[in-house]
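Enquirer: Quick one: structure below, then a few questions.
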Amino acid sequence: MRYVSALLVSVLILLVAGFAMADEGDKVYGEGVSAPDTMLVSDLMANPEAYIGKTVRVKGTAVGVCEHRGCWISIASDTEGETVRVKVKDGVIVFPAEIMGDMVVAEGVWTANELTMEQTKKVCAAQAKEDGKEFDEKEVSTCMTLYQISGTGAVVASK
Amino acid sequence: MEMRTFRKWCRTFHRELGFLAVGLTLVYAVSGIAVNHAHHWDANYERTLERYSIEPPGTGPTAEIGPVIMERLAITAPVKSTWRAGEAEFQIFLEGGGIDVNLVTGEVVRHGFAKRPLLFDLNFMHLNSGKAPWTGIADVYGGMLIVMALTGIFLVRGRKGLTGRGGVLMALGFLLPIVFAVVSRGGG
């Protein structure tokens with residue numbers, strides 16, 4: 001049994017060492033990317049209904065990362081001020097804060113989520129808070145549709 | 001196999017695997033508590049926030065105001081990239097943080113983050129962010145826990161063992177998750 005323990009410890013140490021010395025190249029998250037073409041975020045956002053349910057691949061600077069669980073990133077569009085959110089399943093992919101400002105290629109299924117009025121108000125309130133603006137829920141009159149990429153993978157270019 | 005021999009094997013497995021599991025159990029237990037409260041605090045990073053002002057750069061074209069902002073901020077750290085987040089918002093990304101500039105008011109918010117020593121790595125392992133080869137290690141560890149749990153049942157005989165208090169405690173251990181599952185399902 002001692003030999004079994006020693007062997008197990010050795011295997012664990014080797015695995016951890018290999019893990020620590022992981023490659024420093026492009027960092028792949030989840031399943032990476034495999035779609036043939038990268039599309040412009042502006043094209044996606046200009047006609048969002050046309051891509052619902054389709055696998056899309058976008059490229060841009062990561063300008064926002066979920067602070068709590070690393071479960072989403074915002075990718076900057078080729079149009080100023082416009083972003084697209086890539087949401088991944090909690091724990092399946094964890095985006096670190098360090099990728100803020102890095103060039104990211106992300107892939108997943110384009111989805112539309114129809115929000116209720118209550119959800120719309122919450123989203124608007126959160127957005128106003130983030131922007132440091134006053135929020136008046138009376139100004140919200142229509143329900144919002146949230147478009148996002150249900151992410152399956154991403155690649156962050158090495159620096 | 002005689003019960004006595006079986007018990008001896010259980011003791012041996014439980015003891016050896018138990019020692020081996022101490023480190024990994026601490027990794028999962030400590031980070032488990034940390035990530036369990038991810039909505040209360042950032043378990044991975046220590047974050048800083050600093051506010052100050054510069055002369056407002058105005059909302060002109062990005063190509064023109066970009067260099068002006070850089071000059072007024074006098075940034076010495078290497079810049080990763082910049083982003084015009086809106087008409088009045090300009091973001092600068094640096095290693096370990098970033099700077100948000102309000103182009104109209106000149107208000108600057110500098111935010112930084114640094115990995116929490118040790119805890120970041122524990123969470124990284126717990127959440128299996130690195131995937132393979134940690135998946136293999138976690139699987140082996142899971143198997144070890146199963147063996148330890150099962151062998152542990154037979155370590156003690158008599159009234160403190162399975163037929164006595166040990167059995168009652170084991171039943172409680174089963175009951176707790178079952179009751180929780182039933183109650184939480186009932187509550188939708």
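The values are calculated or read from the model by the stated rules, or taken from the named source; none is laboratory data. Given the structure is predicted, the values throughout are model-derived calculations rather than measurements. We place every Cβ from the backbone using ideal geometry, glycine too, and count neighbours over all the protein chains shown.
Enquirer: Does the range B:2-9 contain at least one residue that is in contact (Cβ under 8 Å) with a residue 60 or more places away in the chain, surrounded by 15 or more Cβ atoms within 10 Å (Cβ to Cβ) and under 30 Å from residue B:151 (Cα atoms)?
Expert: Yes, the range B:2-9 contains at least one residue that is in contact (Cβ under 8 Å) with a residue 60 or more places away in the chain, surrounded by 15 or more Cβ atoms within 10 Å (Cβ to Cβ) and under 30 Å from residue B:151 (Cα atoms).
Enquirer: Tell me, which residue of the range B:122-134 that is within 10 Å of chain A (Cβ to nearest Cβ) and crowded, with 17+ Cβ neighbours inside 10 Å is farthest from residue B:86 (Cα to Cα)?
Expert: Going residue by residue through the range B:122-134, those that are within 10 Å of chain A (Cβ to nearest Cβ) are B:123-134.
When the remaining residues are screened for being crowded, with 17+ Cβ neighbours inside 10 Å, the result is B:123-127, B:129, B:134.
Numbers: B:123: 34, B:124: 34, B:125: 37, B:126: 38, B:127: 35, B:129: 33, B:134: 41 Å.
Ranking the candidates gives B:134 first.
Residues are listed down the side, and each one gets a yes or a no for (1) more than 13 Å from chain B (Cβ to nearest Cβ); (2) in a strand (DSSP E or B); (3) at pLDDT below 90; (4) more than 19 Å from residue B:97 (Cα to Cα):
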position: A:11; (1), (2), (3), (4): no, no, yes, yes
position: A:19; (1), (2), (3), (4): no, no, yes, yes
position: A:36; (1), (2), (3), (4): yes, no, yes, yes
position: A:42; (1), (2), (3), (4): yes, no, no, yes
position: A:45; (1), (2), (3), (4): yes, no, no, yes
position: A:64; (1), (2), (3), (4): no, yes, no, no
position: A:68; (1), (2), (3), (4): no, no, yes, no
position: A:90; (1), (2), (3), (4): no, no, yes, yes
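Enquirer: Determine whether residue B:115 is surrounded by fewer than 19 Cβ atoms within 10 Å (Cβ to Cβ), modelled with pLDDT under 95, under 30 Å from residue B:145 (Cβ atoms) and in contact with a strand residue (DSSP E or B) (Cβ under 7 Å, 6 or more places away or on another chain). Steps first, please.
Expert: On the way: surrounded by fewer than 19 Cβ atoms within 10 Å (Cβ to Cβ): yes; modelled with pLDDT under 95: yes; under 30 Å from residue B:145 (Cβ atoms): yes; in contact with a strand residue (DSSP E or B) (Cβ under 7 Å, 6 or more places away or on another chain): yes.
Judged against the criteria, residue B:115 is a match.
Enquirer: Against the conditions (1) more than 14 Å from chain A (Cβ to nearest Cβ); (2) farther than 30 Å from residue B:91 by Cβ; (3) of a type in the set (A, V, I, L, M); (4) touching a Phe, Trp or Tyr at 6+ places or on another chain (Cβ under 7 Å), where does residue B:69 fall short? Just the number, please.
Expert: (2)
Enquirer: Is it fair to say residue B:17 is under 29 Å from the mean Cα position of the chain (by Cα), buried (at least 18 other Cβ atoms within 10 Å of the Cβ), within 13 Å of chain A (Cβ to nearest Cβ) and modelled with pLDDT of 90 or more? Show your work before the answer.
Expert: Working: under 29 Å from the mean Cα position of the chain (by Cα): yes; buried (at least 18 other Cβ atoms within 10 Å of the Cβ): yes; within 13 Å of chain A (Cβ to nearest Cβ): yes; modelled with pLDDT of 90 or more: yes.
Judged against the criteria, residue B:17 is a match.
Enquirer: Out of B:120, B:113, B:124, I need the residue that is aromatic (Phe, Trp, Tyr) and farther than 19 Å from residue B:23 by Cα. Which one? Show your work before the answer.
Expert: Details: B:120 fails: farther than 19 Å from residue B:23 by Cα; B:124 fails: farther than 19 Å from residue B:23 by Cα.
None of the others qualify; the one that does is B:113.
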